[in-house]
Structures are given as structure tokens and as C-alpha cells.
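The values are calculated or read from the model by the stated rules, or taken from the named source; none is laboratory data. This is a predicted model, so every value here is computed, not measured. Cβ atoms come from the backbone with ideal geometry, glycine included; neighbour counts cover every protein chain shown. When the accessible area is computed, the model is the full protein with side chains, heavy atoms only, and any ligands, DNA or RNA have been set aside. Shrake-Rupley method; radii C 1.70, N 1.55, O 1.52, S 1.80 Å.
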Amino acid sequence: MPLSTFWLWFFAYLGIGLLLGTVLYRSDFCMAGMLRDAFLFRDRTRLRHLFLAVMLTLFLFLLVRESGWQTFESPAGFNRGSLLGAAGGVVFGIGMVLAGGCVFSTLYKMAGGNLTYVLVFCGIITGSLLYAEFFPWLHVLEQQLALGGAASLNQLWPQAARAASWLLVAGSVILFIRWQRQGRWQIHSAAEGFVQPWLAAVFLAWLNGAAYLLSGLPMGISTAYAKLGSFAENLFLPAHVAQLEYFNRITLVIKAGETLLYGGAGPRLDMVAYTEGALLLGILLGAFFNALLLRELRIHGWPPMRQGGAAFAGGVLLALGARMANGCNIKHLLGGLPLLSFQSLLFFGGLLVGTWLGARLLPRIILR
């Protein structure tokens with residue numbers, strides 16, 4: 001059911017963010033670490049938890065659509081596939097490994113007092129501002145590299161998409177039961193308040209389903225970083241910000257009943273601010289409150305120069321990759337893939353390549 005005012009959107013997403021920050025902090029559910037460890041250390045233990053989150057999200061999205069509860073045009077926020085999105089996935093994957101986190105995990109790690117992720121956060125803001133400068137050229141390139149008209153398999157072939165989704169769900173259930181019998185879900189930890197990653201995956205899927213039910217949009221926050229950057233730049237260079245095409249562009253239009261809701265990366269309060277911005281704030285606050293509650297809040301010193309430089313550069317690459325692909329890893333893997341978005345499939349392929357490259361590059365930078 002559509003929410004009627006922007007402030008209701010804000011508090012709904014703030015609540016989701018608070019819960020998400022709590023779960024991410026207590027479980028250390030870091031997608032960057034999951035993929036990095038698979039390539040760097042050949043440790044694929046936590047990939048099961050990521051797969052659980054994706055498949056459960058697919059099931060919940062199916063229920064929302066099959067029940068008719070979803071009244072929004074879907075999939076909102078996902079364009080037709082473009083090879084630039086795959087390139088964005090490569091850039092994002094490299095940045096994710098160098099930064100040691102993604103746009104979500106950076107927030108809960110920074111909220112716990114890790115100053116390395118302050119550098120990553122600043123890098124993401126910087127990369128978002130750089131993208132705004134190059135947007136006209138990259139937007140033309142995106143159109144030139146576009147692959148087709150349909151944004152998802154649901155649009156191209158609805159019956160096949162529905163059948164494929166249910167088959168994936170059924171196959172996943174069989175696999176999950178097998179892993180349960182083999183005892184592969186649990187991770188041993190003596191940390192106080194630790195939440196098992198499999199349980200975090202379940203919470204993450206349900207929170208993502210709640211966001212989808214409310215707005216027709218899976219969770220994502222990369223545009224919120226760009227909006228923060230535009231507000232900051234607007235304080236010093238308002239004339240320059242006003243002439244940048246990207247900051248004047250409407251990137252999100254959702255039809256909620258008879259009402260059209262708009263959002264973009266520019267320095268204004270709109271749909272992006274009241275959803276992605278509220279989610280970003282909620283994750284920060286949720287993780288911070290939990291760090292205080294568990295008496296784990298410690299201000300870690302600044303990292304060595306080489307590591308700090310890699311973290312900042314990783315943040316820049318995260319932002320550039322997310323903007324090139326029109327979304328971050330959470331939006332595409334836990335949103336677009338369950339919606340069978342072609343754009344997200346291209347991003348995922350690029351992300352795997354980028355993570356592999358980053359896993360080879362990181363030791364050369366840090367251990368040189």
C-alpha cells in the first residue's frame with residue numbers, strides 16, 4: 001500500500017535502516033568479505049549465506065507480486081541492460097576489495113569507530129562527484145552500449161520468468177535442507193551478541209521484502225551518497241552544481257496509485273532523500289547504538305598510508321562503478337537478480353571479474 005507523505009517514507013525507511021544496521025553490525029554480514037575471501041583465500045563458507053539472502057528475497061518478491069500487494073510499476077529503478085553496467089560491476093568489484101567493504105558495510109564498520117572506513121566513505125562521496133562531472137559522456141556511452149528494450153525477463157517473457165523463479169526457489173530449498181543436515185550454516189564465534197550470518201541473511205531478505213512492499217524498490221543507497229556530495233559541493237560551488245546535468249536529472253520516478261514520486265542525486269529533498277537517505281542514516285545509527293550497547297565502540301587509529309590510500313581509492317571506485325551500473329551490489333544482487341533484471345545480471349558478471357582482479361591487486365598494494 002503506497003505511503004501518502006514523504007515523512008512517512010522517511011520514518012519507514014529509517015526504521016528499516018535501524019534494524020539493518022543492527023543486524024549487519026552484529027553479524028558482520030559483509031558481501032565484500034564474502035566475495036573477496038572466495039577468490040583470495042578460497043574460503044567459500046559465507047557464500048552460502050549470500051545465496052540464502054538472494055533466494056529468500058526472490059521468494060518474498062514472488063509472494064508480493066503473486067498476492068497483488070505490490071501496486072507499484074515494477075521493476076522501478078532498473079533500466080535496460082547495457083555493457084557499461086558490466087564495466088561498472090568490474091570497477092565496483094575492484095573497489096570493493098581495495099576498500100574492504102561496500103556502500104553498506106562501510107557504514108556499520110565506520111559507526112563502530114574504524115577510521116579506515118571514514119576514508120572509504122569520503123572516497124565514495126568523491127567518486128560520486130567525479131561521476132557527475134563525466135556524466136554526459138558516460139550517459140551517451142551507456143546508450144550506445146545498450147543491448148535491448150526489455151529491462152527484465154519478467155517484461156520480456158512473463159510466463160517463463162514466473163516458472164524459472166519457482167524452479168529456482170524449489171531447487172534452493174532442497175539445497176538448503178542438505179546444508180542444514182551437513183551442519184554448514186553455523187559459524188562459531190565467541191563475540192557477545194553475535195548474530196549467525198544465516199540468520200542475518202534471513203533478516204536482510206525480510207527487510208528488503210518490506211522495502212519492496214512499501215515502495216516497489218529493493219534497498220539501495222548509492223544515490224544517497226551522490227546526494228550527500230551534491231549538498232556538500234553546493235555549499236561552496238552552487239553555480240557549478242546548478243549546471244551539472246547529473247544533479248539536475250530525475251533518476252527515479254515511481255507511480256504510487258495516482259501519485260508520481262520523483263527523486264534524483266541533486267541537492268534537494270525528494271524521493272531519494274526520504275528513502276535511500278533515511279536508510280543510510282538508519283544503518284549508521286543502528287550500528288552505532290549497538291556498538292555502544294555491546295561496549296565495542298573503539299576509535300581505531302588511522303591506517304598506514306598505503307592501506308589508507310587503497311581504502312580511499314576503493315571508495316572512489318565503488319562510487320564510479322555503482323553509478324555506471326545504476327546501483328550498488330545490494331541493489332543488484334538482492335534486488336535486481338530476484339527481479340530477473342538483465343542490468344543486474346550484467347553487473348553481477350562484472351562484479352565477479354572485478355573481485356577476482358581486486359584479490360590479485362590488493363596483496364601487491366598492501367604487501368609491496
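Observations
- Karplus-derived 3J(HN,Hα), 6.51/-1.76/1.60, for each residue of the stretch 107-112, Hz, glycine and proline x: 5, 6, 6, 5, 5, x
- Taking the 1.4 Å solvent-accessible surface of the chain as the whole, the part contributed by carbon and sulfur is 67%.
- For the chain, the average shadow cast by the Cα convex hull is 18.4 nm², which is a quarter of the hull's surface.
- Per-residue HN-Hα couplings for the stretch 154-171 [Karplus 6.51, -1.76, 1.60; θ = phi - 60°; Hz; x = Gly/Pro]: 4, 7, 6, 8, x, 5, 5, 5, 5, 5, 5, 5, 5, 5, 4, 4, 4, x
- Thr223 contributes an accessible area of around 10 Å² to the protein surface, as traced by a 1.4 Å probe with all chains present.
- Contour minus Cα-Cα distance for Leu293 and Ala232 (0.36 nm per residue): 18.8 nm
- Cα-only Debye scattering, the stretch 1-146: base-10 log of I(q)/I(0) at q = 0.15, 0.18 Å⁻¹: -1.17, -1.44
- The stretch between Leu260 and Phe134, if pulled fully straight at 0.36 nm per residue, gains 42.5 nm over its current Cα-Cα span.
- Under 11 Å, Cβ to Cβ, from Thr45 - net charge with Lys/Arg +1 and Asp/Glu -1: +3
- With the helix formula -39500 (n - 2.57) applied to DSSP H stretches of n ≥ 4, the chain reaches a computed 222 nm mean residue ellipticity of -21500 deg cm²/dmol.
- Of Ala38, Leu115, Ala278, farthest towards positive along the dipole that unit charges on Lys, Arg, Asp, Glu beta carbons give the chain: Ala38
- Computed over the chain, relative contact order equals 41 percent, with contacts defined as Cα pairs under 8 Å that lie 6+ residues apart.
- Chain lengthening between Arg268 and Arg184 when straightened (0.36 nm per residue, less Cα-Cα): 25.5 nm
- Cα-based equivalent ellipsoid, the stretch 175-304: semi-axes from gyration tensor eigenvalues, Å: 36, 23, 12
- Taking all protein chains as shown and a probe of 1.4 angstrom, Arg26 keeps an accessible surface of around 50 Å².
- Distant-in-sequence amide H partners of His300 (H built 1.01 Å from N, under 5 Å): Asn114, Leu115
- Sorting His240, His300 by solvent-accessible area of protein heavy atoms yields His300, His240, largest first, with a 1.4 Å probe.
- Scalar couplings 3J(HN,Hα) for the stretch 129-141, obtained by applying the Karplus form with A = 6.51, B = -1.76, C = 1.60 to θ = phi - 60°, are 5, 4, 4, 4, 6, 9, 4, x, 5, 5, 5, 5, 4 Hz; x denotes Gly and Pro.
- Residue-level accessible surface for Ser344, protein heavy atoms, 1.4 Å, Å²: 0
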